[in-house]
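Below is one structure, written out as structure tokens, with a few remarks after it.
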Amino acid sequence: MNLNATLIGELIAFIVFVWFCMKFVWPPLNDAIEARQKKIVDGLAASDRAEKDLELAQEKATAQLKEAKSQAAEIIEAAKKRETQIVEEAAVKAEAEKAKILAAGHTEIEAERNRAKEELRQQVALLAIAGAEKILERSIDAAAHSDILDKFVAEL
Amino acid sequence: MAEEVTLSGHIQHHLTNAKMCSTESGLAFNKACSDSGFWTWHIDTLAWSIGLGILFLAIFRSAAKKATIGVPGKFQCFIEMIVDFVGDNVAKTFQGKSTLIAPLALTIFVWVFLMNLMDLIPVDFLPALAGFVGESAFGMDSHDVYMKIVPTTDINLTAALAVGVFLLMVAYSVKIKGVSGFIKELTLHPFSTDNKLAMVFLIPCNLLLETIALIAKPFSLALRLFGNLYAGELIFILIGAIGLMQLPLHFVWAVFHILVIVLQAFVFMMLTIVYLSMASSDNH
């Protein structure tokens, strides 16, 4: 063994290397590792939370969907009811309209018949007068015999 | 080659560091330094170890500068894997908090690993290149150019690491337990009694035992790393000397040696953490 001054030189080099490593190498690397570990832990926690949130949201969405479906069914039910109601109402209204129109038609027909009857009666009177004139060979003074005529017409 | 190279000469050449020392006539190298005593510098050990240390720091510093909280690149992942591995071991082994232990462990692990890794470069490549450069550029005899590229096969380097760890152990002991606590630890264990008179006899025994136990730690640290790598290097040199048959043998030994390289770096790091943990814990 030949220990010599090399030992001193190496000791100094060793101390300098350790000092440099302690000052400039270890802290930034270790800090980066620890910061990243913390970040990963936080990220995992956040992802867990997000998963739970998602589950909750899905549950909520399912419930809402169910509610919406039942509401839709209700609305359809109501609409169907309303539809039949409207149809019935329309039928009733139409029936009433029909009756009204029929009644109006009847009265009009009645009036028309009455008028025709009247006209016919008058024409018959005229015809009767004309016939009577023929028979009597003379004219009948309409004014003088109007009472007879009227009586005749009334008898028709 | 001017003279016949013997096998032992070849091995000797491989196991000799490039030396530098200052003499009365200025800086001298290698054989001129054979009797220069303590103030000799192993310039190959110094250059390779400091170069590898700077390489380690440059790689890790560049990763540290680019470190982001976001998605890391592959390079950053690799560096962070090492940092995390060392940090995990420190956290599991070292009781208490310290901003020094983890970077110290990282430096020891990666630096020692890189230095050990030099062992996998075929033993003749770089010394032969150095010999060629020395001969052609500086006009030296290529046998007079030494180049030992594995710094951990130099006891000076492993001893320097162990001394550094030892100083930290003493510093931590004093810092946590105080000077009196440290002295008590050295003198009142493992034998203790309430009898004052008996204690007077026991204290020297305790001091002797505890001092040996304390000194043995850096010694074992330094010698374990040195011994493992020196032996490995020696076997590489022997394999390299047997001609063409070396290829399969070299491969097998290199594969096995990969284990030694990582393991010794890891063991040095772990024992450093354990010793410092023991030094900074109160319960004996």
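Read-outs: derived from the displayed coordinates by stated rules, not from any lab. All figures in this text were calculated on a predicted structure; none of them were measured in a lab. Glycine also receives a Cβ, built like all others from the backbone with ideal geometry; neighbour counts cover every protein chain displayed.
Each of B:His42, B:His189 has some number of other Cβ atoms within 10 Å of its Cβ, and from fewest to most they run B:His189, B:His42.
Partner chain Cβ atoms within 10 Å, averaged over the residues of B:158-165 - can you pull that number for me?
Numbers: counts 2, 6, 11, 5, 2, 5, 8, 1.
Mean number of neighbouring Cβ atoms from other chains: 5.
Karplus-derived 3J(HN,Hα) values for the stretch B:239-249, using 6.51 cos²θ - 1.76 cosθ + 1.60 with θ = phi - 60°, are 4, x, 8, 9, x, 5, 4, 5, 4, x, 4 Hz; glycine and proline are entered as x.
Backbone geometry of the stretch B:78-92 corresponds, through the Karplus equation with coefficients 6.51, -1.76 and 1.60 at θ = phi - 60°, to 3J(HN,Hα) couplings of 4, 5, 5, 4, 5, 4, 5, 4, 5, x, 4, 4, 5, 5, 6 Hz, x marking Gly and Pro.
Peptide B:62-72 is shielded by partner chain Cβ atoms: per residue, an average of 5 of them sit within 10 Å of its Cβ. Remark on B:Ala28: its backbone amide H falls under 5 Å from those of B:Cys21, B:Ser22, B:Thr23, a criterion applied only to residues 5 or more positions apart or on other chains, H modelled at 1.01 Å from N.
May I ask which of A:Lys23/B:Lys184; A:Lys23/B:Lys148; A:Lys23/B:Lys19; B:Lys175/B:Lys217; B:Lys31/B:Lys217 have a Cα-Cα span longer than 23 Å here?
Numbers: A:Lys23/B:Lys184 34 Å; A:Lys23/B:Lys148 31 Å; A:Lys23/B:Lys19 33 Å; B:Lys175/B:Lys217 19 Å; B:Lys31/B:Lys217 34 Å.
Beyond 23 Å: A:Lys23/B:Lys184; A:Lys23/B:Lys148; A:Lys23/B:Lys19; B:Lys31/B:Lys217.
Between the stretch B:24-51 and the stretch B:141-163, the alpha-carbon centres lie 11 Å apart. Between amide H atoms placed 1.01 Å from N, distances below 5 Å from B:Thr40 occur with A:Ala5, A:Thr6, all of them 5 or more places distant or on a separate chain.
Just from its helices, what would the mean residue ellipticity at 222 nm be for chain B, if runs of 4 or more DSSP H residues each count -39500 (n - 2.57) and the sum is divided by every residue, rounded to the nearest 500 deg cm²/dmol?
Numbers: 8 runs with 195 residues, N = 284.
Counting only the DSSP helices, I get -24500 deg cm²/dmol.
Over chain B, Cα pairs under 8 Å with separation of 6+ residues give a relative contact order of 25 percent. Among B:Ile43, B:Ile235, the order by Cβ neighbours within 10 angstrom, fewest to most, reads B:Ile235, B:Ile43.
Ranked by Cβ crowding within 10 angstrom, fewest neighbours first, how are A:Ser70, B:Ser173 ordered? Could you put the intermediate results ahead of the total?
Numbers: A:Ser70 10, B:Ser173 22.
Exposure proxy ranking, most exposed first: A:Ser70, B:Ser173.
Legend: mean number of C-beta atoms from other chains within 10 angstrom of residue C-beta atoms, peptide A:27-40, equals 6. The residue list B:Leu52, B:Phe38, B:Ile101 was ranked by how far each Cα lies along the charge dipole of the stretch B:36-118 toward its positive end, using unit charges on Cβ atoms, and B:Ile101 comes out on top.
At an R0 of 45 angstrom, the distance between the Cβ atoms of B:Ser220 and A:Asp48 translates into a FRET efficiency of 0.35.
Measuring how big chain A is from its alpha-carbon positions, Rg and Dmax come out at 59.9, 189 Å.
Let me know the shape class of the stretch B:48-108, please: from the alpha-carbon gyration tensor, a ≥ b ≥ c as square roots of the eigenvalues, rounded when a/c is under 1.5, otherwise prolate if a/b is greater than b/c, or oblate. Write down the numbers at each step before the final one.
On the way: a/c = 2.26, a/b = 1.16, b/c = 1.95.
Note, shape of the stretch B:48-108 comes out oblate.
Derived scalar couplings between HN and Hα for the stretch A:120-126 equal 4, 4, 5, 5, 4, 4, 4 Hz in order, rounded to whole Hz, by the Karplus curve 6.51 cos²θ - 1.76 cosθ + 1.60 (θ = phi - 60°), x for Gly and Pro.
At R0 = 41 Å, how high is the FRET efficiency between B:Ile203 and B:Met270 if r is their beta carbon distance? Nearest 0.05 is fine. Walk me through the intermediate numbers first.
On the way: r = 33 Å, r/R0 = 0.80.
After rounding to 0.05, the efficiency reads 0.80.
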